[in-house]
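K.L.:
One structure, as structure tokens, below. Some questions next.
Derivation of every value follows stated rules applied to the coordinates shown; laboratory data play no part. A quick note: this is a predicted structure, and the numbers were derived from the prediction, not measured. No Cβ is skipped: glycine too gets one built from the backbone with ideal geometry, and neighbour counts run over all protein chains shown.
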Protein chains: 2
Amino acid sequence: MIKVSVMYPNSSTVRFDHAYYRDKHMPLLKARMGDHCKSYTVDQGLGGAAPGMPAPYVAMCHIYCDSVESFQAGFGPHAKEIMADIPNYTDLSPVIQISEVVVG
Amino acid sequence: MIKVSVMYPNSSTVRFDHAYYRDKHMPLLKARMGDHCKSYTVDQGLGGAAPGMPAPYVAMCHIYCDSVESFQAGFGPHAKEIMADIPNYTDLSPVIQISEVVVG
């Protein structure tokens, strides 16, 4: 199992519509990827390591797939449509990571 | 539900013992936190957004707790012991984030 993590860097002037991300964007991604997306999680940043510190990322999602190839097969054909939805909730460019799920 | 994400920045010279992290460090954290840690996940970085790109983080863990207060109650009394174990698997200083679990 692999996990694709999409992490949106935080800033003091960040625009991020968490409701749209939860209710529209991620369901769109899941609908387009179908069974290639086994499940996903969504996080809203609350804070950093110490009290009062901002969260490094304003939001994150983690998309679980059987393999990198399965992610590519599910996301690739719909990448243009899914990416075109991003400006509806943020101006940010996310940091993207593919990980092996060691403990899931 | 909240999630504490501990993310270890990658580099070309990184030292990170993934087996120790999985088999020793995370079980130690779980044992010390007890029921304050509902569950945790562990990731090993495979790559970035494009083929051949390194993963931004060599490893991550995500610790699920009922609340920030529950995390603090579970981790705080054992912080010294848990932090003292870090040099056994890496020299890195992690990026730490507390998030609200929007979709879990």
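K.L.:
Looking at A:I63, is it in contact with a Phe, Trp or Tyr (Cβ under 7 Å, 6 or more places away or on another chain), in contact (Cβ under 8 Å) with a residue 24 or more places away in the chain and of a type in the set (V, I, T)?
P.N.:
Yes: the conditions hold for A:I63.
K.L.:
Would you be able to say whether some residue in region B:29-43 is out of contact with any helix residue (DSSP H, G or I) (no Cβ under 9 Å at 6 or more places or on another chain), within 12 Å of chain A (Cβ to nearest Cβ), closer than 15 Å to A:V101 by Cα and touching a residue at least 24 places away in the same chain (Cβ under 8 Å)?
P.N.:
no
K.L.:
If B:E100 satisfies all but one of (1) of a type in the set (D, E, K, R); (2) within 8 Å of another protein chain (Cβ to nearest Cβ); (3) free of Cβ contacts under 8 Å to residues at least 24 places away in the same chain, what's the number of the condition it fails?
P.N.:
Answer for B:E100: the failing condition is (3).
K.L.:
Inside region A:2-23, can you point out the residues that are under 25 Å from A:A73 (Cβ atoms) and loosely packed, with under 14 Cβ neighbours inside 10 Å?
P.N.:
Once the filter is applied, which keeps residues that are under 25 Å from A:A73 (Cβ atoms) and loosely packed, with under 14 Cβ neighbours inside 10 Å, region A:2-23 yields nothing.
K.L.:
Being aliphatic (A, V, I, L, M) and free of Cβ contacts under 8 Å to residues at least 40 places away in the same chain is the filter; apply it to region B:12-28 and report the residue that is nearest to the other protein chains (Cβ to nearest Cβ).
P.N.:
It comes out as B:M26.
K.L.:
Mind checking which residues of region A:44-60 are within 11 Å of B:S99 (Cβ to Cβ) and within 9 Å of another protein chain (Cβ to nearest Cβ)?
P.N.:
Residues satisfying the conditions are A:Q44, A:G45, A:L46, A:G47, A:G48, A:A55, A:P56, A:Y57, A:A59, A:M60.
K.L.:
Here is a follow-up. For region A:72-91, how many residues meet the condition of being touching a helix residue (DSSP H, G or I) at 6+ places or on another chain (Cβ under 8 Å) and within 14 Å of chain B (Cβ to nearest Cβ)?
P.N.:
Here the count works out to 4.
K.L.:
Same structure again: Any idea how many residues of region B:78-92 are in contact (Cβ under 8 Å) with a residue 40 or more places away in the chain and surrounded by fewer than 14 Cβ atoms within 10 Å (Cβ to Cβ)?
P.N.:
Final tally of qualifying residues: 3.
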